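Worksheet for the structure shown next.
Every number in this text was worked out from the coordinates using simple rules, so none of it is lab data. Fair warning: this is a prediction, and the values are worked out from it, not measured in the lab. Using ideal geometry, Cβ is built from the backbone for each residue, glycine included, and neighbour counts are taken over all protein chains shown.
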Amino acid sequence: MSTGRVIAQVDCNAFYCSCEAVFEPRLWTMPLVVLSNNDGVVIALNTAAKALGIKRGESFFKVSRLIKTAGLQVRSSNYALYGDMSARVMATLKTLSPTVEIYSIDEAFLCLSAIPEASRTEYARHICATVRQFMGIPLSLGIAKTKTLAKAANYFAKQYPQLDGVLDLTGSAQQQEFLQALPVSSVWGIGPRWGQVLADEGVDNALKLRDLSDFWVRKRLGVVGLRTVLELRGMSCLPLEQCPRPRKSVCVSRSFGRPVQQLTELKEAVATFTAKAATKLRREHLATGALTVFVRSSKFKENFFSASANCRLLTASNYTPTLLKHSLALVDKLWRKDVKFAKAGILLTRLTDENTLQLNLFGKWDLSDDRPTKLMRAIDKSNLFYQQGRLRFAAEGMQRGWQTRAQYRSNRWTTCWEELPVVRV
DNA sequence: TCTGGGGTCCTAGGACCC
DNA sequence: TCTGGGGTCCTAGGACCC
């Protein structure tokens with residue numbers, strides 16, 4: 001189990017906010033929040049915004065008054081920008097460590113086993129400084145023998161300015177004190193639900209969690225919880241994964257900018273999500289074998305309605321027209337004329353490699369016909385060059401009054417020709 | 001007026017098989 | 001009187017992550 005490895009967990013500080021500030025430097029010193037899709041809730045906030053008492057997950061309409069009263073800056077989420085910045089940060093990290101596991105858009109685990117202990121902190125600071133210099137993005141870095149402990153170290157690296165963004169917990173004499181200071185619900189793997197279960201048991205910090213009996217943990221928190229506890233004890237249960245595991249599902253869903261009460265509109269929306277999901281499949285050379293469409297009304301209104309319908313494909317596919325045919329048929333099944341739809345989405349499962357399709361005995365095949373593949377390739381190429389969605393299927397609609405709100409979106413500074421930064425006019 | 005989206009893994013329970 | 005046991009596969013729901 002234990003590999004004797006030294007693991008560093010890197011994450012970008014307030015990543016979405018930092019991405020915005022790189023291209024608009026005045027934002028570094030102003031309170032800034034980035035909103036979720038549909039400008040619904042706060043999903044990222046910088047230190048100055050935290051100082052105003054704003055919390056992650058808070059509804060935007062509850063904090064919007066701060067725009068006027070406290071100079072709060074607001075941006076709609078701009079995933080084209082964040083995704084591209086993330087790719088650049090990860091590429092840089094890969095030049096600084098032989099093993100990099102990209103964990104999320106703003107986090108990675110690195111292997112630092114080869115760095116002598118004495119110079120480890122210095123090297124970690126070099127990593128932070130390099131990314132800061134190349135991308136303008138500030139990082140913090142926690143080092144330990146397991147992923148869970150590295151996450152804990154990073155918690156403090158962020159917390160205490162005197163650490164300068166780096167904490168090495170490996171063999172630290174103060175490991176106990178740090179774990180004692182770490183609230184149990186801030187332990188990686190302990191969410192709100194288990195946090196409450198533990199609190200009820202009087203377990204309020206990571207040290208107490210670490211010292212619980214295996215039996216109790218296994219019974220109440222399952223094998224997942226037990227892994228977390230073992231990791232806190234320094235036993236590595238979650239290895240560094242160098243190759244990303246194959247994806248098992250693709251989901252595209254959105255809340256609507258306003259309630260949808262027309263079947264044609266709901267179909268346009270689901271067609272748009274389907275086309276987007278199909279593009280994603282093709283980009284990763286996957287095909288889907290099953291398709292679920294789900295719809296719901298607002299969670300916050302009376303007569304909450306939620307439903308889903310699914311179907312299996314005879315043969316897996318990533319051809320947009322085929323997927324559209326199925327998803328639109330499912331919308332017909334789910335349609336209710338008395339419901340104000342607030343959100344819809346599509347989930348693709350049973351994914352397989354597009355090059356190793358299992359054909360069906362009862363299907364009709366003309367394997368020599370490569371026109372569908374060529375058509376999709378041409379559309380994808382064009383959309384990649386110009387802009388996603390510029391070339392689309394008629395089913396996706398023209399007016400699209402249901403579209404998600406994004407009132408405060410910044411430019412796609414790095415991925416869109418029309419929106420590149422202008423240095424001099 | 002307004003309340004996110006995209007993932008993973010585990011578990012329990014039912015259907016089905018021999 | 002007495003009604004098995006072990007296994008797999010699938011799905012839905014619940015927990016977690018960012």
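List the residues whose amide H sits under 5 Å from the amide H of A:Gly257, counting only those 5 or more places along or on another chain, with H placed 1.01 Å from N in the peptide plane.
When sequence neighbours closer than 5 places are left aside, the close amide H contacts are A:Gln403, A:Thr404, A:Arg405.
Give me a comma-separated list of calculated 3J(HN,Hα) values for the stretch A:416-425, in order, Karplus coefficients 6.51, -1.76, 1.60 applied at θ = phi - 60°, integers in Hz, x for any Gly or Pro.
9, 3, 6, 10, 4, x, 9, 7, 9, 8
What helices does chain A hold that run 27 Å or longer along their axis, going by alpha-carbon atoms, with a Kyte-Doolittle average of -1.0 or more, using DSSP H for the helix calls? Before the final figure, lay out the partial values.
Details: long enough: A:117-135 (28 Å, -0.49); A:263-283 (30 Å, -0.15).
Qualifying helices: A:117-135, A:263-283.
Taking the inverse of the average 1/r across all pairs of different Cα atoms in chain A, what Kirkwood radius in Å do you get? Don't jump to the answer; show the numbers that get you there.
Values: mean 1/r = 0.0410 Å⁻¹.
Hydrodynamic radius (Kirkwood, Cα only) of chain A equals 24.4 Å.
Please find, in a Gaussian network model of chain A (springs between Cα atoms separated by less than 10 Å), the residue of A:Thr264, A:Thr320, A:Thr130 whose mean-square fluctuation is greatest.
Looking only at A:Thr264, A:Thr320, A:Thr130, the biggest GNM fluctuation is shown by A:Thr264.
How far, in nm, would the chain grow between A:Arg233 and A:Gln180 when pulled straight, counting 0.36 nm per residue and subtracting the alpha carbon separation?
That works out to 17.8 nm of additional length.
Sorted by packing (mean other beta-carbon atoms within 10 Å per residue), highest first, where do A:60-71, A:10-21 land?
On the way: A:60-71: 13.7, A:10-21: 24.2.
Per-residue Cβ counts within 10 Å, averaged per peptide and sorted highest first, yield A:10-21, A:60-71.
Calculated from DSSP H runs of 4 or more alone, at -39500 (n - 2.57) each and per residue, what is the 222 nm mean residue ellipticity of chain A, nearest 500?
Numbers: 14 runs with 163 residues, N = 425.
Computed ellipticity for chain A at 222 nm equals -12000 deg cm²/dmol.
Can you spot the aspartates and glutamates whose alpha carbon is less than 16 Å from A:Lys50's alpha carbon? Ignore those fewer than 8 places along the same chain.
A:Glu58
Which cross-chain or sequence-distant (5 or more) residues have an amide H under 5 Å from the amide H of A:Met30, H modelled 1.01 Å from N in plane?
For A:Met30, no residues qualify.
So, with +1 on the Cβ of K and R and -1 on the Cβ of D and E, and no other charges, what is the size of the charge dipole of the stretch A:250-396 about its Cα centre, to the nearest 20 debye? Let's see the in-between values first.
Values: 25 positive and 13 negative charges, 96 e Å.
The calculation lands at about 460 debye.
When chain A is treated as a GNM, springs tying every alpha-carbon pair under 10 Å, which of A:Gly389, A:Gly257, A:Gly171 comes out with the largest mean-square fluctuation?
Of A:Gly389, A:Gly257, A:Gly171, the most mobile in the Gaussian network model is A:Gly171.
Less than 10 Å Cβ to Cβ from A:Thr349, Lys/Arg counted +1 and Asp/Glu -1: what total charge do the surrounding residues give?
Working: positive: A:Lys248, A:Arg312, A:Arg350; negative: none.
Here the count lands on +3.
Where does the charge balance sit around A:Leu45 when Lys and Arg score +1, Asp and Glu -1, over other residues with C-beta under 12 Å from its C-beta? Walk me through the intermediate numbers first.
Numbers: positive: A:Lys50, A:Lys55, A:Arg56, A:Arg75; negative: A:Glu20, A:Glu58.
Taking every Cβ under 12 Å from that of A:Leu45, the sum is +2.
With r defined as the distance between the Cβ atoms of A:Phe385 and A:Asn37 and R0 fixed at 22 Å, what FRET efficiency is calculated, to the nearest 0.05? Show your work: numbers first, answer last.
Details: r = 25 Å, r/R0 = 1.14.
In this case the efficiency is close to 0.30.
Among the listed pairs A:Lys301/A:Lys381; A:Lys248/A:Lys299; A:Lys145/A:Lys276; A:Lys55/A:Lys299; A:Lys55/A:Lys267, which have their C-alpha atoms separated by more than 31 angstrom in this model?
On the way: A:Lys301/A:Lys381 42 Å; A:Lys248/A:Lys299 28 Å; A:Lys145/A:Lys276 40 Å; A:Lys55/A:Lys299 21 Å; A:Lys55/A:Lys267 36 Å.
Check vs 31 Å cut-off fails for A:Lys301/A:Lys381; A:Lys145/A:Lys276; A:Lys55/A:Lys267.
Which Cα, out of A:Ile54, A:Leu347, A:Val33, lies furthest along the positive dipole direction of chain A (beta carbon charges, K/R +1, D/E -1)?
A:Leu347
With labels modelled as points extended 7 Å from the Cα through the Cβ direction, what inter-label distance (nm, one decimal) is found for A:Glu419 paired with A:Ala173?
About 5.3 nm, to one decimal.
With point charges of +1 on the Cβ of Lys and Arg and -1 on the Cβ of Asp and Glu, referenced to the Cα centre of the stretch A:250-396, which listed residue (A:Ser255, A:Val270, A:Phe300) lies farthest in the positive direction of the dipole?
It is A:Phe300, whose Cα lies furthest towards the positive end.
Can you pick out the pairs among A:Lys62/A:Lys208; A:Lys62/A:Lys340; A:Lys147/A:Lys343 whose Cα atoms lie more than 29 Å from each other?
Numbers: A:Lys62/A:Lys208 36 Å; A:Lys62/A:Lys340 24 Å; A:Lys147/A:Lys343 36 Å.
Among A:Lys62/A:Lys208; A:Lys62/A:Lys340; A:Lys147/A:Lys343, the Cα-Cα distance tops 29 Å for A:Lys62/A:Lys208; A:Lys147/A:Lys343.
Give, as a single signed number, the net charge of other residues whose beta carbon lies under 13 Å from the beta carbon of A:Ser249, with Lys and Arg counted +1 and Asp and Glu -1.
Values: positive: A:Arg245, A:Arg247, A:Lys248, A:Lys280, A:Arg350; negative: A:Glu284.
Summing Lys/Arg as +1 and Asp/Glu as -1 gives +4.
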